[in-house]
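Take a look at the structure set out below.
The values are calculated or read from the model by the stated rules, or taken from the named source; none is laboratory data. These numbers were taken from a predicted model, which means no experiment stands behind them. Virtual Cβ from ideal backbone geometry, glycine too; neighbours counted across all protein chains shown.
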Amino acid sequence: MTTNLTNVENLKLQVIGDLLQKKIKTKQAGKILYLSTRQVRRLKNRMKNEGVLAVVHGLKGKVGNRKIDDALKNKVIEIIRQKYSDFKPTFATEKLQEKQIPVPTAQTVRMWMAEAGLWKTHKQKQVAYRSWRPRKDHYGEFQQFDGSYHLWFENRYENITGDSIEVCLLASIDDATGQITHMSFEENEGVIAVFHFWKTYVLALGKPLIIYLDQFSTYKINHKSAVDNTDLITQFERVLRSLDIRLINAHSAQAKGRVERLFGTLQDRLVKEMRLAKINNPETGNTFLKEIFIPKFNRQFTVVPKSEGDVHRAINVNEIKKLNSIFSLHNKRKINNDFTIQFKNNFYQLAEIQPTTVRPKETVTVETWLDKTVHIILKDFELNYFQIKERPKKMKTVPVILTTHKLNWIPPFDHPWRKRGRHWQLKRGG
């Protein structure tokens, strides 16, 4: 046997040699070499004419016809090293293509980056078995929502002491299409930030049928007494009930894998896109998200849903009127005997004239709107009040109620009360 042949070439040489010596038949040779009978006959004829060269590929030892020019390879590696050294191969390929650089496929760029030490290949991880949940059918049917704290602006956004600041990115992704429906940078994942997010969402897109999120304290009361007390709900749960939006809490990060994978992608792509665009703070970052990043991301990664149509529900006129009230913090307080209300170390004095009858010891709802104004609600009426600087002194005599007119009000001469009195006077002959 020839020593410089590969194992496959040696096998072909041996099998075709046996065929020429009539030790085996054509069909047997085809089975051994995984070739059709036609290919075996062709190989047999070539071996008669060319000898050993028949089993050797014509381009062996030569430069391939599709080999990429080394000059282009070196140029691509140099650009990646200078501008995209921490980019993943696929993302680096997209950026090079945007610059009109004739790069090959992302797989080739990955191989080049690995050779240049710019990318480290990873072995595939073994993961536990999990059953696959099919996507929902319609756009707007099922929104996965979460927040992610990260150095989104790297070292370009700092506090007074010069430390880089982690910012919270809130995002929702549509389950049926994979579209980012809304995204914004906030200081935290607290209730005010979440209210800002979903108020903007419903005004722009309408109300989704279901919101799917984790069991963070903003979204769910994680206390053992809440199991039997269904009235024990968070401010966010109250908002969703008011808007007739169903809330589902995931029991693990893997359960809401679509939004978790989204943040993995964003922590790679979004950070680098903002670096290239020189975005340095949350304010300009939110503008960049809305006008550039989200539309571009959705064009690239959106999938076609099973069923056409948008099932977001439009908010009605009554909901629009009450939207500021719905997306506000609600707290219960008692009216004191002197018609004052204490809330967060502040004292509020109810005015004498109110749109409804007010009695001491009644429970009112104190609403703190997103613009930080305070509104006191009783029986769907907003009460009139003014803030006082210190605790009021106890009054010797206090009014029994507050009503729609002054307590020392005198009815006019033609009021029904007086008419009834005159009727009895006339009847008596007065």
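So which residues in region 151-164 are free of Cβ contacts under 8 Å to residues at least 12 places away in the same chain and either of a type in the set (V, I, T) or surrounded by 12 or more Cβ atoms within 10 Å (Cβ to Cβ) (or both)?
Taking region 151-164 first, the residues free of Cβ contacts under 8 Å to residues at least 12 places away in the same chain are 155, 158-163.
Residues satisfying the conditions are E158, I160, T161.
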Per the list (1) of a type in the set (S, T, Y); (2) in contact with a helix residue (DSSP H, G or I) (Cβ under 8 Å, 6 or more places away or on another chain); (3) not in a helix (DSSP H, G or I), residue check on S85 breaks on (2)
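In region 256-275, how many are touching a residue at least 40 places away in the same chain (Cβ under 8 Å) and over 11 Å from the mean Cα position of the chain (by Cα)? Spell out how you get there, then give the answer.
Narrowing region 256-275 to residues touching a residue at least 40 places away in the same chain (Cβ under 8 Å): 256, 258-260, 262-263, 266-272, 274-275.
Still in the running and over 11 Å from the mean Cα position of the chain (by Cα): 267-272, 274-275.
Within region 256-275, residues that are touching a residue at least 40 places away in the same chain (Cβ under 8 Å) and over 11 Å from the mean Cα position of the chain (by Cα) number 8.
Tell me the helices (runs of 4 or more DSSP H) entirely within region 232-328 that contain at least 2 residues that are in contact with a strand residue (DSSP E or B) (Cβ under 8 Å, 6 or more places away or on another chain). Write out each step before concluding.
On the way: elements: 235-242, 257-277, 282-288, 294-301, 317-321, 323-326.
Filter on region 232-328 gives 235-242, 257-277, 282-288, 294-301.
Any idea how many residues of region 234-254 are modelled with pLDDT under 85 and crowded, with 16+ Cβ neighbours inside 10 Å? Before the answer, list the steps.
Step one: list which residues in region 234-254 are modelled with pLDDT under 85, which gives 250-254.
Those left that are additionally crowded, with 16+ Cβ neighbours inside 10 Å: 250.
Going through region 234-254 one residue at a time, the tally reaches 1.
Criterion first (loosely packed, with under 13 Cβ neighbours inside 10 Å and closer than 26 Å to G264 by Cβ) does K99 satisfy it? Give the derivation first.
Working: loosely packed, with under 13 Cβ neighbours inside 10 Å: yes; closer than 26 Å to G264 by Cβ: yes.
So K99 passes the test.
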Could you check how many residues of region 120-151 are touching a helix residue (DSSP H, G or I) at 6+ places or on another chain (Cβ under 6 Å) and modelled with pLDDT of 90 or more? 4
Of the candidates K27, K75, K12, K31, the one satisfying the condition of being outside any loop (DSSP other than H, G, I, E, B) and surrounded by 16 or more Cβ atoms within 10 Å (Cβ to Cβ) is K12
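Quick grid of which residues meet (1) among the hydrophobic types (A, V, I, L, M, F, W, C); (2) out of contact with any Pro (no Cβ under 7 Å at 6 or more places or on another chain); (3) in the same structural domain as R275 (by TED's automatic domain parsing):
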| site | (1), (2), (3) |
| --- | --- |
| Q39 | no, yes, no |
| L43 | yes, yes, no |
| N74 | no, yes, no |
| D86 | no, yes, no |
| T90 | no, yes, no |
| K95 | no, yes, no |
| A106 | yes, no, no |
| H122 | no, yes, no |
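If you check G58 against the conditions, is it surrounded by fewer than 11 Cβ atoms within 10 Å (Cβ to Cβ) and small (G, A, S)? Talk me through it step by step, then tell me what you get.
On the way: surrounded by fewer than 11 Cβ atoms within 10 Å (Cβ to Cβ): yes; small (G, A, S): yes.
Spelling it out, G58 is indeed surrounded by fewer than 11 Cβ atoms within 10 Å (Cβ to Cβ) and small (G, A, S).
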Any chance D380 is on the phi > 0 side of the Ramachandran plot, acidic (D, E) and in the same structural domain as R391 (by TED's automatic domain parsing): yes
Only one of these conditions is not met by R133: (1) closer than 15 Å to V259 by Cα; (2) surrounded by 15 or more Cβ atoms within 10 Å (Cβ to Cβ). Which number is it? (2)
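For region 242-263, state whether one or more residues are of a type in the set (V, I, T), within 30 Å of T90 (Cα to Cα) and in the same structural domain as V194 (by TED's automatic domain parsing).
Within region 242-263, one or more residues are of a type in the set (V, I, T), within 30 Å of T90 (Cα to Cα) and in the same structural domain as V194 (by TED's automatic domain parsing).
Considering only region 107-121, how many residues are within 18 Å of D268 (Cα to Cα) and surrounded by fewer than 16 Cβ atoms within 10 Å (Cβ to Cβ)? Walk me through it before giving the result.
Of the residues in region 107-121, the ones within 18 Å of D268 (Cα to Cα) are 109-110, 113, 118-121.
Narrowing further to those that are surrounded by fewer than 16 Cβ atoms within 10 Å (Cβ to Cβ): 120-121.
Total satisfying the criteria: 2.
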Could you please tell me which pairs satisfy a Cβ distance under 7 Å, a separation of 6+ or placement on different chains, a first residue in region 357-386 that is within 20 Å of V239 (Cβ to Cβ) and in contact (Cβ under 8 Å) with a residue 40 or more places away in the chain, and a second residue that is of a type in the set (S, T, Y) and in a loop (DSSP other than H, G, I, E, B)? E367/S328; T368/S328; W369/S328; L370/S328
Restricting attention to region 154-168, does a residue exist that is more than 28 Å from K296 (Cβ to Cβ), in a loop (DSSP other than H, G, I, E, B) and under 24 Å from the mean Cα position of the chain (by Cα)? no
